[in-house]
1. Which one is most open to solvent (accessible area, probe 1.4 Å) among residues in segment 10-49 that are at pLDDT below 95 and within 14 Å of Ser85 (Cβ to Cβ)?
2. Any chance you could count how many residues in segment 113-130 are outside any helix (DSSP H, G or I) and without any contact (Cβ under 8 Å) to a residue 12 or more places away in the chain?
3. Could you please let me know if Leu110 is of a type outside the set (Gly, Ala, Ser), under 20 Å from the mean Cα position of the chain (by Cα), closer than 23 Å to Leu20 by Cβ and outside any helix (DSSP H, G or I)?
4. Quick one: count up the residues across segment 139-155 that are surrounded by fewer than 15 Cβ atoms within 10 Å (Cβ to Cβ) and either within 13 Å of Pro119 (Cβ to Cβ) or among the hydroxyl-bearing types (Ser, Thr, Tyr) (or both).
5. Spot the failing condition for Ala86; the list is (1) modelled with pLDDT of 95 or more; (2) in contact with an Asp or Glu (Cβ under 6 Å, 6 or more places away or on another chain); (3) of a type in the set (A, V, I, L, M); (4) part of a loop (DSSP other than H, G, I, E, B), and only one is missed.
6. Restrict the check to segment 131-151 and report whether at least one residue is of a type in the set (A, V, I, L, M) and within 18 Å of the chain's Cα centre (by Cα).
7. Give the number of residues within segment 163-179 that are touching a helix residue (DSSP H, G or I) at 6+ places or on another chain (Cβ under 8 Å) and surrounded by fewer than 19 Cβ atoms within 10 Å (Cβ to Cβ).
8. If you go through segment 166-198, how many residues are basic (Lys, Arg) and out of contact with any Asp or Glu (no Cβ under 9 Å at 6 or more places or on another chain)?
Amino acid sequence: MKIGIMGGTFDPVHNGHLILAEAALMQYHLDTVWFLPNGHPPHKQQNTIECTIEDRIHMLELAIAKQPSFGLELYETKKTDIAFSADTLEYLARTHAKDHLYFIIGGDSLMTIESWVRPEDIFRYSTVLATYRNELNTKEGLIRQISHLTERYRGDIRLFETPILPISSRELRRQIRSGQPVSGMLPPEVEAYIRKKGLYGARDSLSL
């Protein structure tokens, strides 16, 4: 199978995540995209993650329930130490040796990937799919970066285009906390769960 892997804290998962996964799925004819929630991300302080891993997993389950090509991979949530992408991809490549992994990241992450732990293993165990918006300067910079990374690591790196979506988990948390509406930015089932559980400071009167 052609398996897309999309990691993140998903605090909370939102429509931008789903649209990005759908774009990778369609443009590269993937069989499935697995969402990979991270319990201990290397790039964030643990106290900046506002929801428990149980809540984040449940919101992901609600968000992808109607898309049969989406799935969950909980390997990183079971780790007690920091989860590095290189380790995860090595594990998945070993346990799914007959499948091909496609690691889905943002274009900004591609620009900084050499600062990650063992980037050479990321390229060894997966084809990297980097998303970009349809902006000329952005695409030109990414093409130069791909040329550099391909020469240095002999990796398979490809671009895929996604629409400009001004949605971020951080901004959603701020809007929910301040009582601003976020309708259309989250799957309805995730909105309802946030309201029911009072996540991110949501109030009963909040118009999500």
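1. Top of the filtered list is His43.
2. Step one: of segment 113-130, the residues outside any helix (DSSP H, G or I) are 116-118, 126-130.
Applying the additional criterion that residues be without any contact (Cβ under 8 Å) to a residue 12 or more places away in the chain yields none.
The number of residues fulfilling the criteria is 0.
3. Spelling it out, it is not the case that Leu110 is of a type outside the set (Gly, Ala, Ser), under 20 Å from the mean Cα position of the chain (by Cα), closer than 23 Å to Leu20 by Cβ and outside any helix (DSSP H, G or I).
4. The qualifying residues number 5.
5. The number of the failed condition is (4).
6. Narrowing segment 131-151 to residues of a type in the set (A, V, I, L, M): 136, 142-143, 146, 149.
Imposing the further condition that a residue be within 18 Å of the chain's Cα centre (by Cα) reduces the set to none.
No, segment 131-151 contains no residue that is of a type in the set (A, V, I, L, M) and within 18 Å of the chain's Cα centre (by Cα).
7. 5
8. At the first step, the residues of segment 166-198 found to be basic (Lys, Arg) are 170, 173-174, 177, 195-197.
Filter again for out of contact with any Asp or Glu (no Cβ under 9 Å at 6 or more places or on another chain), leaving 174, 177, 196.
Total satisfying the criteria: 3.
The values are calculated or read from the model by the stated rules, or taken from the named source; none is laboratory data. Just so we're clear, the structure is a prediction, and the values are computed from it rather than from any experiment. Positions of Cβ are backbone-derived with ideal geometry, glycine not excepted, and every protein chain shown enters the neighbour counts. All accessible areas refer to the heavy atoms of the entire protein, side chains included, with ligands and DNA or RNA removed. Shrake-Rupley method; radii C 1.70, N 1.55, O 1.52, S 1.80 Å.
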